[in-house]
Amino acid sequence: MNNYINILVRSIISFIILLFVTRLMGKKQMSQLTFFDYIVGITIGSIAAEVSVDNSVLLDEGIISLLVWSILPILLGFLALKNIPFRKMIDGEPTVIIKSGEVIRKNLAKNKLNIEDLIMKLREKGAFNIDEIDYAILEANGEISVLFRQDKQSITPSDLNIQNPYKGLPKTVIEDGVLLEKKMKSLGISKAWLMNKLAYKNIYEIKDVFIAQVDDGGNIYIDIYEKNNGM
């Protein structure tokens, strides 16, 4: 019985400290959390759990550990507000990953982001065609911001009562220099057709293509490796 009471008391103390800490650390939406914020939150939660149920952890030592892990991020956050270079070091900074419809492969690799993850994140933003994107920026919190090309967002066919051919969802047929034959079959296109499209753009080797996408209308988007040396 004494053990249950001990756990109850320790849990209440941990809860009160966590409540106090969250008020001190300020309000921040989950989507705004950086990786550093995420790690700090997990660590504080783990310490609080240990303090609550693990009798081998002395209560005073657990409270000190909780306070240290809580106060240090607050101090770092205060310093980050006052010092831009320090803020960039702690939170990171935005990275351009698409410019003028071209994927900047070097920046993808630097941020440990593969092309499939990029395409998924773009779809979440309503961007299904890479060539319609002027800029895509990977923010410090891992979210992607998308700016569509001006000629793709100003006047729509519906504004002029024009019927626009259905393009469908683009499918990736070449990824990292590898031909994706299943995707080609689903589109009903052959390798000869694809190679002809590549040759039209003076590309003769599949291994030279970083990504190629084809929609249901037969429109193709191609990004080659040698274009990804900038930024």
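Every residue, every condition in (1) charged (D, E, K, R); (2) loosely packed, with under 13 Cβ neighbours inside 10 Å; (3) not assigned by the TED database to the domain that holds Phe35, yes or no:
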position	(1), (2), (3)
Lys99	yes, no, yes
Arg105	yes, no, yes
Ala109	no, yes, yes
Ile119	no, no, yes
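Close Cβ contacts (under 6 Å, 6 or more residues apart or on different chains) running from residues in the range 83-96 that are closer than 14 Å to Ile144 by Cβ to residues that are part of a strand (DSSP E or B) comprise Pro94/Ile137; Thr95/Leu138; Val96/Ile137. In the range 89-99, what residues are part of a loop (DSSP other than H, G, I, E, B) and either modelled with pLDDT of 90 or more or touching a Lys or Arg at 6+ places or on another chain (Cβ under 8 Å) (or both)? Listed by number, the list is empty, since nothing qualifies. Residues that are closer than 25 Å to Ile137 by Cα and in a helix (DSSP H, G or I) within the range 50-88 comprise Gly77, Ala80, Leu81, Lys82, Ile84, Pro85, Phe86, Arg87, Lys88, listed in sequence order. In the range 220-231, the residue that is surrounded by the fewest Cβ atoms within 10 Å (Cβ to Cβ) out of those that are over 12 Å from Ile130 (Cβ atoms) and at pLDDT 80 or above is Tyr225.
Matching residues to (1) more than 28 Å from Asn111 (Cα to Cα); (2) charged (D, E, K, R); (3) modelled with pLDDT of 85 or more; (4) in the same structural domain as Ser145 (by the TED database):
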site	(1), (2), (3), (4)
Lys28	no, yes, no, no
Val40	no, no, yes, no
Ile47	yes, no, yes, no
Gly62	yes, no, yes, no
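The residue list Ser70, Ser145 contains one member that is surrounded by 17 or more Cβ atoms within 10 Å (Cβ to Cβ), under 30 Å from Gly45 (Cβ atoms) and either modelled with pLDDT of 90 or more or polar (S, T, N, Q) (or both), which is Ser70. The condition of being more than 30 Å from Asp176 (Cα to Cα) and in contact with a Ser or Thr (Cβ under 6 Å, 6 or more places away or on another chain) does not hold for Ser65.
Within 30 Å of Gly92 (Cβ to Cβ) and either crowded, with 17+ Cβ neighbours inside 10 Å or modelled with pLDDT under 90 (or both): which single residue out of Asp151, Asp216, Asp131 fits that description?
Working: Asp151 fails: within 30 Å of Gly92 (Cβ to Cβ); Asp216 fails: within 30 Å of Gly92 (Cβ to Cβ).
Answer to the check: Asp131.
Of the residues making up the range 51-90, those that are more than 30 Å from Asn6 (Cα to Cα) and of a type in the set (Phe, Trp, Tyr) are Phe78, Phe86.
The values are calculated or read from the model by the stated rules, or taken from the named source; none is laboratory data. Here the structure is a predicted model, which is why all the values come from computation and not from measurement. Note: ideal-geometry Cβ built from the backbone for every residue, glycine included; neighbour counts use all protein chains shown.
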